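A quick write-up on the structure given underneath.
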Amino acid sequence: MEAARAALCDYGRRAVEERLVVGSSGNLSVRDGDLVAVTPAGGRLERLVPADCPVVDLAGHVVDGSRAPSSETPMHLALYDAAPEAGAVVHTHSVFGAVVASTRSLLPAIHYNVLLLGGHDVRVADYATYGTSELARNVRAALAGGRQGALLANHGGVTLGAGLDEAFERTHILEWLCEVYVRACAMGRPRLLDNDELVDVERRMGR
């Protein structure tokens, strides 16, 4: 898992540089078979070295590393259980994502790029205290049906991918969609794409 641990550090620094996280917030993980490398609890992502990132099994037991895994490890593991094809999870506290998540209503189809996250909108997981099994269940439900991105009420966002590169790109898409929506709402009531318009785009995408 050394390559996975190194990748967590690289993408963790990018998350900080791109203002997707603040302080020690946010966490990332990579799955390889029955093992998951995850960022540590309380670790500032821009300061991590590979040895800081513990490796856990799918039950959450640490099998390598001296630091405790992120408090959100139960959420990561729940998502890997629900989506066995996923190889990475990225959880951020980005500004516009947190703004939309604070409304506790879904992010609608402000742009057809919403389809890149697996649905005609982006769901908001019901609020629960961070790090709890309840939050893990809520986020799992919000991503049900093949979704690759969701918001967490009054919290942030989460995305899945085959690897960190894909999961991180979906994080960018989610934040961009949230920013477009917030800015459009500031100008008035935005007009949204309807189901027929989205289905037409899906056809053009070959879905």
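The values are calculated or read from the model by the stated rules, or taken from the named source; none is laboratory data. What you see is a predicted model; the values in this text were computed from it and never measured. Cβ atoms come from the backbone with ideal geometry, glycine included; neighbour counts cover every protein chain shown. When the accessible area is computed, the model is the full protein with side chains, heavy atoms only, and any ligands, DNA or RNA have been set aside. Shrake-Rupley method; radii C 1.70, N 1.55, O 1.52, S 1.80 Å.
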*Would you work out if region 69-144 is rounded, prolate or oblate? Take a ≥ b ≥ c from the square roots of the eigenvalues of the alpha-carbon gyration tensor; rounded if a/c is under 1.5, else prolate when a/b is larger than b/c, oblate otherwise.*
oblate
*Within region 72-172: Cβ-based charge dipole about Cα centre, in debye rounded to nearest 20 (Lys, Arg +1; Asp, Glu -1)*: 260
*Round to a whole number: what % of the accessible area of region 25-180 belongs to carbon and sulfur, probe 1.4 Å?*
51
*Rounding to the nearest 20 debye, state how big the charge dipole of the chain is about its Cα centre with +1 on each Lys and Arg Cβ and -1 on each Asp and Glu Cβ.*
540
*Any idea what angle helix 73-82 forms with the longest principal axis of the chain, computed on alpha-carbon atoms, 0 to 90 degrees, nearest 10?*
60
_Helix-only [θ]222 nm of the chain, DSSP H runs n ≥ 4, -39500 (n - 2.57) each, per residue, nearest 500_ = -12000 deg cm²/dmol
_Per residue value of the accessible surface for the chain (all protein chains in place, 1.4 Å probe), Å²_ = 47
*Between 0 and 90°, nearest 10: helix 164-187 axis offset from the chain longest Cα axis*: 40
*Would you kindly calculate the mean projected area, averaged across all directions, of the convex hull enclosing the Cα atoms of region 28-79, in square nanometres?*
3.2
*What is region 1-72's relative contact order, in percent, from Cα pairs under 8 angstrom and six or more apart in sequence?*
30
*asked:* Need one value: the accessible area of TYR130 in square angstrom, 1.4 angstrom probe, rounded to the nearest 10.
replied: 140
*Cα axis of helix 195-204 to longest principal axis of the chain: angle in degrees, 0 to 90, nearest 10?*
60
*asked:* From Cα pairs below 8 angstrom and at least 6 apart in sequence, can you work out the relative contact order of the chain, rounded to a whole percent?
replied: 19
_Ordering of 187-198, 64-75 by packing [mean C-beta count within 10 Å, highest first]_ = 64-75, 187-198
*Please name whichever of GLY60, LEU107, HIS172 sits farthest to the positive end of the charge dipole of the chain, dipole taken about the Cα centre and charges placed at Cβ: Lys and Arg +1, Asp and Glu -1.*
LEU107
*Could you pull the Rg and Dmax for the chain, using just the Cα atoms, both in Å?*
16.6, 53
